[in-house]
Structures are given as structure tokens and as C-alpha cells.
Amino acid sequence: MKKTVLTSLAILCLFLMGLRLSIQTARAEGQAITIDGDPSDWEALGLRPVATDPPYNIESYHDTCADLLECWVYNDTSNLYFMIKVRGGYPSDWDNTAYLITIDADRNENTGNELGWDYSVFSKDAQAFTMVWNEEILDWDKLEDINVAAGSIGHIEFRVSLESMDLSEEIDLVYGTYDDILSEGVNSVTVNHVSVIPEFPSLLILPLFMIATLLATVIYRRKQQT
Ligand SMILES: [Ca+2]
Ligand SMILES: [Ca+2]
Ligand SMILES: [Ca+2]
């Protein structure tokens, strides 16, 4: 009898531990990335830039905010996040500069446009949207408006829904700045082999833990009966 009570208590403890783990994971996910131009959420997740670019490597007649410094990327179960850091006061120079992130979604240069790019993120005037390459008209189609925000020290964050794009587990990216008045690319950085495997959804942890606990109980009881 004593043994059964102890076993039940042990199972209850394990169940509560699973519940706690599930709640903690869900909380952590909820805090992931806020699109506000503040990089502290990226730093809190222990993330680092996937690429950096030297300062002052643009022509002097371009806006300082076209000088790319850092490229960041991160994804959770539902979104792909990008952040770029540019030089100079921001967003005061926003007018002339556009920001582009192009995506080779299958790492295949034979699909998408002539460079193999299948999707792109375009941002200008504090607005942003995604585009998909249309094989039939050989041009970009707008997909949807997305969240974008710029901070005071040159960070610009974007959030793209994973559902809106058909991405392989590894993608290639090009981060670029564009002078919209002179119609010319200013500064760009290529980042290959970016992994976009979705994180394990926290919602599944609790049901899986309950099933495991039930199975353990059944096996234990059967063992006791024999
Ligand atoms: Ca942020
Ligand atoms: Ca640069
Ligand atoms: Ca491609």
C-alpha cells in the first residue's frame, strides 16, 4: 500500500515538473522578438549577427544609413525575423534609402529570378512588404505587408510569417541597401546556409509528457501484478 502511495506521489511530481517546463517554454516563446527597433531581445536570446560589414565602405554621396554594419536572422515556430544595423542617425535619413533582403528559399539558382532568388523583403518609408518571384510574368508579385520598426541607433527589425513562404531547411540570404533616388544598390552582404528549422512547439510538450506518464504508470502496474 505504502509503495503505491509513493509511486503515485512520484508520478504526480513528474507530471507537475512537466507542466512547469511547458509553461516556462511557452513564456520564453512569447518573449521571443519584439519588432520595436531595440536589439536587446536578440541579445537576451544569446543571438549574434550572422554577418558583419565594415563601416564607411560606401560612396560619400549616399545616405549614411545605407552603410550596412550587421545582419541578423532568427526564427521560431511561426516567424522568420531579420534585423539589420546601419550607420548613422535613423530614421531621419529614411527617405532616400530602401532596404532589401532577398531569399533563395531552396538554395537553387535555377528556381526564382536570374540570381535564384525566390522571395524578397522590401522596406522603405517605415513600411515593409514581402514579394515572391512570379515565373510566368518574370517579375515580383507582392505577398503581404509585414511588421518593421527602426530604433534610434540604426537597428531595423522585420517579422515575416513562415506560413507565407515555402522555405527549405536551409536558405541563402542577401541583405542590401538601395539608393532610391539614384536607383543604385549601395552596400550588400551575402549569408549562405541559414538554417530555418522550426523550433519544437511548446504546446506539444505537455500532451507528450502526459502520455509518457500514463504509459509509465501502466507498465509499472503490470509489472506489480506479475
Ligand atoms: Ca526588438
Ligand atoms: Ca558597410
Ligand atoms: Ca531559388
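The values are calculated or read from the model by the stated rules, or taken from the named source; none is laboratory data. All figures in this text were calculated on a predicted structure; none of them were measured in a lab. Every residue, glycine among them, receives a Cβ derived from its backbone with ideal geometry; neighbour counts consider all protein chains shown.
Yes/no matrix, rows are residues, columns are (1) part of a strand (DSSP E or B); (2) within 16 Å of ligand 3 (Cβ to nearest atom); (3) over 21 Å from the mean Cα position of the chain (by Cα):
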position	(1), (2), (3)
60	no, no, yes
72	yes, no, no
99	yes, no, no
102	yes, yes, no
107	no, yes, no
130	yes, yes, no
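A quick yes/no check of all residues on (1) farther than 22 Å from residue 182 by Cβ; (2) buried (at least 21 other Cβ atoms within 10 Å of the Cβ); (3) in the same structural domain as residue 174 (by TED's automatic domain parsing); (4) within 16 Å of ligand 2 (Cβ to nearest atom):
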{"site": "54", "(1), (2), (3), (4)": "no, no, yes, yes"}
{"site": "60", "(1), (2), (3), (4)": "no, no, yes, yes"}
{"site": "72", "(1), (2), (3), (4)": "yes, yes, yes, yes"}
{"site": "86", "(1), (2), (3), (4)": "no, yes, yes, yes"}
{"site": "109", "(1), (2), (3), (4)": "yes, no, yes, no"}
{"site": "121", "(1), (2), (3), (4)": "no, yes, yes, no"}
{"site": "124", "(1), (2), (3), (4)": "no, no, yes, no"}
{"site": "128", "(1), (2), (3), (4)": "no, yes, yes, no"}
{"site": "134", "(1), (2), (3), (4)": "yes, no, yes, no"}
Lone unmet requirement of (1) surrounded by fewer than 18 Cβ atoms within 10 Å (Cβ to Cβ); (2) over 19 Å from residue 152 (Cα atoms); (3) touching a strand residue (DSSP E or B) at 6+ places or on another chain (Cβ under 9 Å) for residue 36: (2)
Residue 146 being under 30 Å from residue 56 (Cα atoms), surrounded by 13 or more Cβ atoms within 10 Å (Cβ to Cβ) and among the aliphatic types (A, V, I, L, M): yes
Odd one out for residue 181 among (1) free of Cβ contacts under 8 Å to residues at least 40 places away in the same chain; (2) surrounded by fewer than 14 Cβ atoms within 10 Å (Cβ to Cβ); (3) among the aliphatic types (A, V, I, L, M): (1)
Every residue from segment 148-171 that is away from ligand 3 (no atom under 14 Å from the Cβ), over 19 Å from residue 40 (Cα atoms) and in contact (Cβ under 8 Å) with a residue 40 or more places away in the chain: 160, 161, 162, 163
So residue 111, is it touching a residue at least 24 places away in the same chain (Cβ under 8 Å) and within 16 Å of ligand 3 (Cβ to nearest atom): no
Condition check for residue 158: more than 15 Å from ligand 1 (Cβ to nearest atom) and out of contact with any Pro (no Cβ under 7 Å at 6 or more places or on another chain): no
Those residues of segment 148-171 which are assigned to a strand (DSSP E or B) and farther than 14 Å from residue 101 by Cα, in sequence order: 149, 150, 155, 161, 170
